[in-house]
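So the structure is just underneath, and the comments pick up after that.
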Amino acid sequence: MTYFHYQDNELYAEEVNLTALAKQYGTPCYVYSKQAICDNWQAFDKGLKKIKHRICYAVKANSNIHILKVLATLGSGFDIVSQGELERVLAAGGDPKKIVFSGVGKSTNEIAAALAADVDCFDVESLQELERINKIAKQHNKIAQIALRINPNIDAKTHPYISTGMHENKFGITMLDAFAICKKINIYSHVKLIGIAAHIGSQLTELAPFAESITCLLDFIERLKTHDIFLQHLNIGGGLGVRYQNELPPSIEEYMNAISKQLSNTQLYITLEPGRAIVANAGILLTRVEYIKHSPHKNFAIVDAGMNDLMRPALYEAWHPIIPVIKHANPAKTHYDIVGPVCESADFLGKNRLIEIKLDDILAVMMAGAYSFCMSSNYNSRPRLAEILVDGDKHFLIRRRETIHDLLQLEKDIKE
Ligand code: LLP
């Protein structure tokens, strides 16, 4: 199903006309399709139906409470990396017993808050973290369930900034160290080791690195058995890529088929932590053309959304499709750099795009549901955008646009 589609040359989100939506809420704004989120999550869930499993959506990909609510209603678990994400999941009615707490730098307060909320499992990334969790759990008279996050030293073949499973990355514990920790786990009185985890990177477009990682983890669990250590949980992380330009990642169905084949004989409880593949194609950024600048070298379309609103192009040189919300009749296409109002040359949404653009046109930056709004900032003192959720022919404001007043207030609150 196409969640964003043209009808008589006008772009729609599900059954909602985006020109009308932009008029009502103003630009720039993010718009999401609820159906896309539900279909993607369900494709993950169905794909492992023969195996005990849970899908823990990676909140960092898009943490709007109303989106988390949609996922919680489907029965999703959640992968969190901070107390802020924990509070978002709880506010959305998510089940703490389905929460996995990942991340290399969990603070004392964050661990205490997660224990108080009774999250299901901490994915532990170092011996020091294990000792800290044990100590805090003891103080709170609790037993913390943990899984060790293994760094299997596998090249995920993705952008270096989002590759996490190699020894040069800060994430996880080497196999050797993890083995040693497992053998002496009984000295930690207030943790219970239930499993192991790995996440080797994001935007993976091939199946092979996933398969390699799972093989490593299964071997590790087998080796532990010879030392009478029996684990029940295996968390294989997230990372499935999507198609932004000409990548050809496996579909969710293909990915799940491959995984369920590889895990068909296991009795382990499997956790997955997909983020991008659930929300990327569910979101777009609507932005209006403010100025058009022709020079002998280049044409620039200066739009009202900038790198602070969508950081992926500036940070990773990421490519997002950019299309007109109303298609012109007989378009005279020209190459444009589509750039924002921020005072940096890194402030672009797309470069060298062949498109017809007129002043005041509204453009849609596609595939902007993941790592988009949630990575936005107030750089240049720009208020963050409104977010709107579309459900069939209905639409709901799920985050109001920030005001300048919101921006200044935290500083004005300080009494001298
Ligand atoms: N689990 C862990 C432990 C992670 O670190 C991540 C993502 C995920 C799951 C979800 O991965 P996904 O299924 O979304 O690939 N800002 C970057 C992506 C950073 C990913 C960080 N970790 C981007 O815009 O491409």
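Summary of computed values
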| item | result |
| --- | --- |
| Simple Cβ-charge dipole of the chain, Lys/Arg +1 and Asp/Glu -1, about Cα centre, in debye nearest 20 | 660 |
| Neighbour cut-off at most 11 other Cβ (10 Å), DSSP loop, trypsin sites (Lys or Arg not before Pro), the range 246-293 | none |
| Per-pair calculated FRET efficiency, R0 = 22 Å: Asn246 and Asn330 via Cβ, rounded to 0.05 | 0.20 |
| Relative frequency of Cα-Cα separations exceeding 35 Å in the chain, percent | 32 |
| Translational diffusion coefficient (Stokes-Einstein; Kirkwood radius from C-alpha pairs) of the range 103-272 at 4 °C, 1.567 mPa s, in µm²/s | 77 |
| Helical mean residue ellipticity (222 nm; -39500 (n - 2.57) per DSSP H run of 4+; nearest 500) of the chain | -8500 deg cm²/dmol |
| Packing-based order for 236-244, 215-223, using average beta carbon neighbours within 10 Å, highest first | 236-244, 215-223 |
| Dipole of the range 284-416 [Lys/Arg +1, Asp/Glu -1 at C-beta], most positive-end residue of Thr403, Ile338, Tyr371 | Ile338 |
| The range 53-205, relative contact order [Cα under 8 Å, separation at least 6], % | 19 |
| Packing rank of 115-128, 342-355, where each peptide gets the mean count of other beta carbons within 10 Å, highest leading | 115-128, 342-355 |
| Gaussian network model of the chain, springs between alpha carbon atoms under 10 Å - residue of His320, His66, His159 with greatest fluctuation | His159 |
| For the chain, built as a Gaussian network whose Cα springs stay under 10 Å, the top-fluctuating residue of Lys98, Lys358, Lys333 | Lys333 |
| Å² per residue, accessible surface of the chain at 1.4 Å | 46 |
| Shape category assigned to the range 1-70 from the gyration tensor of Cα positions, a/c cut at 1.5 | oblate |
| Bins of 10 Å, starting at 0 and running to the largest distance - Cα pair percent for the range 244-304 | 14, 27, 22, 16, 11, 8, 1 |
| Mean separation of Cα contacts under 8 Å (6+ apart) over length of the range 326-416, as relative contact order % | 18 |
| Taking the convex hull of Cα positions in the range 115-177, its mean projected area over all directions (nm²) | 5.1 |
| For the range 125-261: relative contact order, % (alpha-carbon pairs under 8 angstrom, 6 or more apart) | 25 |
| Spin-label proximity, Asp219 to the range 193-213 - amide N less than 15 Å from point 7 Å beyond Cα toward beta carbon | 209-213 |
| Euclidean distance between Cα centres, the range 183-206 to the range 128-179, Å | 6 |
| When the range 276-416 is reduced to its Cα atoms, the Kirkwood hydrodynamic radius in Å | 16.2 |
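The values are calculated or read from the model by the stated rules, or taken from the named source; none is laboratory data. If you're wondering where the values come from, they're calculated on a predicted model, not measured in any experiment. Every residue, glycine among them, receives a Cβ derived from its backbone with ideal geometry; neighbour counts consider all protein chains shown. Remember, those area values only see protein heavy atoms, side chains included, never the ligands or the DNA or RNA. Shrake-Rupley method; radii C 1.70, N 1.55, O 1.52, S 1.80 Å.
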